[in-house]
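Novice: Encoded as structure tokens, here's the structure I'll be asking about.
The values are calculated or read from the model by the stated rules, or taken from the named source; none is laboratory data. What you see is a predicted model, and the numbers here were worked out from it, not measured in a lab. Cβ placement follows ideal geometry from the backbone for every residue including glycine, while neighbour counts extend to all protein chains displayed. Ligands, DNA and RNA are stripped out before the accessible areas are found, and what is left, the full protein with its side chains, is counted by its heavy atoms. Shrake-Rupley method; radii C 1.70, N 1.55, O 1.52, S 1.80 Å.
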Amino acid sequence: MRSAALAIALFGAASVAAFWLLGLRLNLSDSQPHGIYRLDASRAADLGDVVVSCVPHADRERAARLLPGGPLRPCDGLAPVMKTVVAVTGDHVSVDGSAVRVNGSPLPDSAPFPNDRAGRPMPIAWRTGHLPAGQVWLAGHTPRSYDSRYFGPVHRAAIRGVATPVWSFSDD
């Protein structure tokens, strides 16, 4: 019985390692459609790309409350986020109580929430301005996503790769 459990555990660990080494990532968060994504770390992110990124260090305390942590997490002990690049260097981004606007156009369902689901304050990290060189703005797939509304623009160096869906599934 013990040898069967050990064999199953070893098979599971080997499968996870192979999955990771092949550049595959499982997304179960609501920030992007659920599914399996292939991560390409060699390609620079462009407008409209889904990326895997670390959250800026300035928001580390809040990120630690909202993101899974652990010794195998690639962002200084925290899980990365998977978001869509909606603005790039030079774009004008403004955030107010009703929406995030990129070059004057509001993003759908982008009104910031004053509190997270646990009732803790979620201050807006950025009000208005042009994105500095090397910065991108990240948005989630759902209105409650923890994204650039709350942690501000992200430096391209924090992006771990561009994520392309391999297989999507819905829990509906």
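Novice: Would you confirm whether any residue within region 161-170 is surrounded by 21 or more Cβ atoms within 10 Å (Cβ to Cβ), in contact with a strand residue (DSSP E or B) (Cβ under 8 Å, 6 or more places away or on another chain) and either free of Cβ contacts under 8 Å to residues at least 40 places away in the same chain or among the basic types (K, R) (or both)?
Specialist: For region 161-170, residues surrounded by 21 or more Cβ atoms within 10 Å (Cβ to Cβ), in contact with a strand residue (DSSP E or B) (Cβ under 8 Å, 6 or more places away or on another chain) and either free of Cβ contacts under 8 Å to residues at least 40 places away in the same chain or among the basic types (K, R) (or both): absent.
Novice: How many residues are open to solvent by 50 Å² or more (accessible area, probe 1.4 Å) and among the hydrophobic types (A, V, I, L, M, F, W, C) if we restrict to region 125-142? Full working, then the answer.
Specialist: Filtering region 125-142 down to residues open to solvent by 50 Å² or more (accessible area, probe 1.4 Å) leaves 125, 127-128, 130, 132-133, 141.
If we keep only those that are among the hydrophobic types (A, V, I, L, M, F, W, C) as well, we get 125, 133.
Of the residues in region 125-142, 2 are open to solvent by 50 Å² or more (accessible area, probe 1.4 Å) and among the hydrophobic types (A, V, I, L, M, F, W, C).
Novice: Based on this model, can you work out whether L138 counts as modelled with pLDDT of 95 or more, assigned to a strand (DSSP E or B) and under 18 Å from the mean Cα position of the chain (by Cα)?
Specialist: Spelling it out, L138 is indeed modelled with pLDDT of 95 or more, assigned to a strand (DSSP E or B) and under 18 Å from the mean Cα position of the chain (by Cα).
Novice: May I ask you to list the residues in region 31-46 that are open to solvent by 50 Å² or more (accessible area, probe 1.4 Å), part of a loop (DSSP other than H, G, I, E, B) and either of a type in the set (D, E) or under 17 Å from V136 (Cα atoms) (or both)?
Specialist: Within region 31-46, A41, R43, A44, D46 qualify.
Novice: Related question: Looking at the structure I just gave you, is S145 in a loop (DSSP other than H, G, I, E, B), surrounded by 15 or more Cβ atoms within 10 Å (Cβ to Cβ) and modelled with pLDDT of 95 or more?
Specialist: Taking the combined requirement at face value, the residue does not satisfy it.
Novice: Related question: Exactly one of (1) within 25 Å of P165 (Cα to Cα); (2) in a loop (DSSP other than H, G, I, E, B); (3) touching a strand residue (DSSP E or B) at 6+ places or on another chain (Cβ under 6 Å) is unmet by I124. Its number?
Specialist: Among (1) within 25 Å of P165 (Cα to Cα); (2) in a loop (DSSP other than H, G, I, E, B); (3) touching a strand residue (DSSP E or B) at 6+ places or on another chain (Cβ under 6 Å), I124 violates only (1).
Novice: Which numbered condition in (1) over 15 Å from the mean Cα position of the chain (by Cα); (2) modelled with pLDDT of 65 or more is the only one that A17 fails?
Specialist: (2)
Novice: Mind listing whichever residues of region 47-106 are among the basic types (K, R), open to solvent by 30 Å² or more (accessible area, probe 1.4 Å) and either more than 15 Å from A158 (Cα to Cα) or at pLDDT 75 or above (or both)?
Specialist: Filtering region 47-106 down to residues among the basic types (K, R) leaves 60, 62, 65, 73, 83, 101.
Then drop every residue that is not open to solvent by 30 Å² or more (accessible area, probe 1.4 Å), which leaves 60, 65, 73, 101.
R65, R101 - these are the residues of region 47-106 that are among the basic types (K, R), open to solvent by 30 Å² or more (accessible area, probe 1.4 Å) and either more than 15 Å from A158 (Cα to Cα) or at pLDDT 75 or above (or both).
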